[in-house]
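Below is one structure, written out as structure tokens, with a few remarks after it.
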Amino acid sequence: MPSSPFQRMETDQDMEPTANASSSDDMRRELSDDSGIAGQSKKQSNAQKVVNSLHGVVVPKAEPIKWYHFLALSSYIAIPAMAYVMVFSTMGFGGDLFYYVADRYGEYSMVAIATTIGVTFVAYMLDFTDWTSNAGVAIRKIIWTVIVVGVIAITLLMVNQYPYGPIAVFAFITPMYLVAIKGICYSDLKTKTFISWLSGPLFFVALVNGIIWIVWSFREESNEYNEYFRVKYAEEAGCPAPDFIEHSECDSLANPGTLCVTVFNNEFVYEKSADDGTYCPVSCTEIYDDCLNIFILWVGPAMFSMVLVFLSFFATFLRAENGEKDMMNFGKVWMFLLFATWLTASLAGIAAGVSSALMALTLASFIGSAVFIASSVSYAEGKTQAKGFWGKIKEKYGENMMNVLRGLGIVTLVPAFLVFLVLSMLNQCVRRCGLPCSKKMKTDKERSDFVTKRARRAIETYLTWDRSIVFTYAVYWGAAFMILQVIVAQFTVLFLSWLIESTAPMGLGPVSGIMVGVGLIMFLLPPVPGVPIYLTLGIVVVATGRDTLGIIGCVGYGCGISILLKLLACTLQQKLIGEQLSNYVAVRQLVGINSSVIRAMKLILQEPGFSVPKVTILIGGPDWPTSVLCGLMRLQLLPILLGTIPVIFLILPTLLTGTFTYMSSLTLDDGTPEFPYAGVLATVFAAVTAIVQFGSMVVAAYYLEQTANAREEELAQIPIDEEVKEREEKEEELRRCYKEVTRWEIVPFFPKMILRLAVVTMIVSCYLVQLFAKSSFAEYELTYTIEKNLDGDWANLLLPLGRVASALFLASCTLLYVYVKWAGYQARKMMAYQDTEAGQAGPS
């Protein structure tokens, strides 16, 4: 089986490493030689198979290299890691540097912006990328250098406004630095081979850096991200000065313009008035809670480790034989980790800034990865490989997947594309002037066009899209973003705070009953997973029962309620829905009874006993379909419930995430945090939850795939549900008619305008919420109350701009609904006409 990156260090004499062999073929041979999945234990333990399934997803498939190369490359990679930690984090001198740059040179940021934009604009207008003479090539390199240096300078000069800038810069320049190391120390090695060597060292340094940061965070209380930390580093981090007009009670009397509370020996020191003897209000300790700069200073080393992990996997993809599959899997893990971090930040009340930081981090990591690609292949080869990759995606997932991605591009990149069109129009005007350095237009068609040839190709490509489907997906993408950014990030916190406030007078028993009832209702809904239910339990149980059971008792009690809720939900899904409603075609279709995945699940679940694959499916498979399938198969309930009990290992980190998130918001009477360590633990357990939840799904998918490959004959013998098949065929015919009547060239004018308006209003609402989050929503945290902080009206959470964005969002959804109803009516009308025609053409 493949080993970890720390074990894969060869000592053979060849500098060119052998390709990393996939274990899937060997696994299939083992499965075919033995009877069933249980026979695999003769050659490979269950633990090894689980590790095998996660290899390449959670741990990269590193190339085998000599041990001294591994150490040397790790040392080279550690240099930018140490530089970032020492210069841009509180583990080093980050606080002093942030303050120094913001105070001394922040005013020059506009000069750097104007210079960089001016140089870029002039160079683009003069087509500098097409200069091919010796002097032109030299000037082109100088221009690129000025642009790159200008972007880096802007990022550093605006560090107080965009504190995630340095991490984005390091994500961008680290690959360039490593390629330079290759040219100096490994000039005889192919660039592509050298990059593949980096996978293990990158992951190793990321792991070491992350461990050091965790140890540092817990070593001293002053290193934890809490109220003391925020007040202590606020000025150094370049946080905006408090508005002492709005918060006049927090203005120092001794030193006007500064905060009236300071930190000494990890304790708050409140200024006392000489006139009436009153102290600085406790609420003043929270005045910097929403400053992202401090959070980035603290979490920076962990974010840099994420960058190194990203680059580690990308280096693997350049050589791994099954890189496409691994890239898809890692992409899912990466998005899951980002979502878990963002969700934790949402509950903590800093989601807007963290989401921007995560997007900047991901974008910079992709740009850095592009440096790897550009340095390892020629432009023509890269273009060919890109076409081949997208061709495989299109072949594997169909044209519909491309339309989904195009819809995402529409809702996110339309403003950028409009800017590109304006610039291309100006560029075309400059070319018509006939300047010696401008690109020559070769045809009359190109000369008569109002945009450049490149822009014209982009427009023509856009016009070939099936815009009805693409626009529909664009609205869906926008709706998903608005749901996460508004409902999840804003109203979930509002709902939980209301729930905590409402259940506070109740005893633990009534609250438990309410949560079980709500949880059951959510579990019985097919799309709802268990994570939000366990997260809510972790918050509410501690908020209600900490005085009677204590924190540890509440965690244990919450785990018990969670596992009881899960088992009760499984019972209802299996006995009430699966068995009692098995005669309903819609239920069997909703489970996906004829799909290859569900058919493979049938083979595994009907096996007697408690095999590892069976238990993995019960706890890692989708909640609703798995339990309902057990009911459709008439399986005994007790063995299924016993096999589900290990789900406690998925419940516990999720529950602890909610518990520590709530604990991090609690303060004592003097304003000091009651649990200073809770914020750190909430972040840690959010990451653990993401890894455990996704890992369970990966392992379950692994066993399903192996079963489908090894037991094809048994799968073929499982009878097809003819009623479901007939219904699916009718729906497929309806979808075909829907696609036909919504071809853009035949859609009437008014439906087109309705869909266009739906897209425009959705794009505007998304950009308003993302760019002006602080002007859209009132500040609200988990421990706030509607009565005190929103003047008794929950609707005050939405500021005027937020109400405009919400109105546009609702308008977009309404317009899409109207369009879809029109299209559905036309599709059914067409289908009925075809059925009538077919009946008339039949035998008399």
*Please determine, by comparing only the residues of the stretch 460-491 that are among the β-branched types (Val, Ile, Thr) and touching a helix residue (DSSP H, G or I) at 6+ places or on another chain (Cβ under 8 Å), which one is surrounded by the fewest Cβ atoms within 10 Å (Cβ to Cβ).*
Val488
_What's the total number of residues in the stretch 141-154 that are open to solvent by 60 Å² or more (accessible area, probe 1.4 Å) and either farther than 14 Å from Ala114 by Cα or of a type in the set (Phe, Trp, Tyr) (or both)?_
4
*Filtered residues of the stretch 81-95 (kept if over 19 Å from Tyr177 (Cβ atoms) and in a helix (DSSP H, G or I))*: Gly94, Gly95
*Would you call Asp96 at pLDDT below 90 and more than 30 Å from Lys439 (Cα to Cα)?*
yes
*Give the number of residues within the stretch 706-720 that are in contact (Cβ under 8 Å) with a residue 24 or more places away in the chain and assigned to a helix (DSSP H, G or I).*
7
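One line per residue, one yes/no per condition, for (1) open to solvent by less than 40 Å² (accessible area, probe 1.4 Å); (2) farther than 30 Å from Ser665 by Cβ:
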| residue | (1), (2) |
| --- | --- |
| Leu768 | yes, no |
| Ser775 | no, no |
| Asn796 | no, no |
| Thr814 | no, yes |
| Ala823 | yes, yes |
*Residues in the stretch 768-789: is at least one among the hydroxyl-bearing types (Ser, Thr, Tyr), part of a helix (DSSP H, G or I) and over 25 Å from the mean Cα position of the chain (by Cα)?*
no
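Evaluate the following for Leu755: is it modelled with pLDDT of 90 or more and either of a type in the set (Lys, Arg) or assigned to a helix (DSSP H, G or I) (or both)? Even if it seems obvious, please write down each step before you answer.
Values: modelled with pLDDT of 90 or more: yes; either of a type in the set (Lys, Arg) or assigned to a helix (DSSP H, G or I) (or both): yes.
When the stated conditions are applied, Leu755 passes them.
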*asked:* So, in the stretch 509-566, exactly how many residues are open to solvent by 50 Å² or more (accessible area, probe 1.4 Å) and within 20 Å of Ile577 (Cβ to Cβ)?
replied: 9
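Residue-by-condition table, conditions (1) in a helix (DSSP H, G or I); (2) in contact (Cβ under 8 Å) with a residue 12 or more places away in the chain; (3) closer than 30 Å to Tyr702 by Cα:
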{"site": "Pro505", "(1), (2), (3)": "no, no, no"}
{"site": "Ile514", "(1), (2), (3)": "yes, no, no"}
{"site": "Leu520", "(1), (2), (3)": "yes, yes, yes"}
{"site": "Gln574", "(1), (2), (3)": "yes, yes, yes"}
{"site": "Gln589", "(1), (2), (3)": "yes, yes, yes"}
*Residue tally, condition touching a Ser or Thr at 6+ places or on another chain (Cβ under 9 Å), among the hydrophobic types (A, V, I, L, M, F, W, C) and exposed (fewer than 13 other Cβ atoms within 10 Å of the Cβ), over the stretch 117-140*: 0
*Kindly indicate which of Thr116, Thr132, Thr174 is without any contact (Cβ under 8 Å) to a residue 60 or more places away in the chain and in a helix (DSSP H, G or I).*
Thr116
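The values are calculated or read from the model by the stated rules, or taken from the named source; none is laboratory data. Everything quoted here is computed from the prediction, not taken from an experiment. Every residue, glycine among them, receives a Cβ derived from its backbone with ideal geometry; neighbour counts consider all protein chains shown. Please note that ligands, DNA and RNA were not included when accessible areas were found on the heavy atoms of the full protein model with its side chains. Shrake-Rupley method; radii C 1.70, N 1.55, O 1.52, S 1.80 Å.
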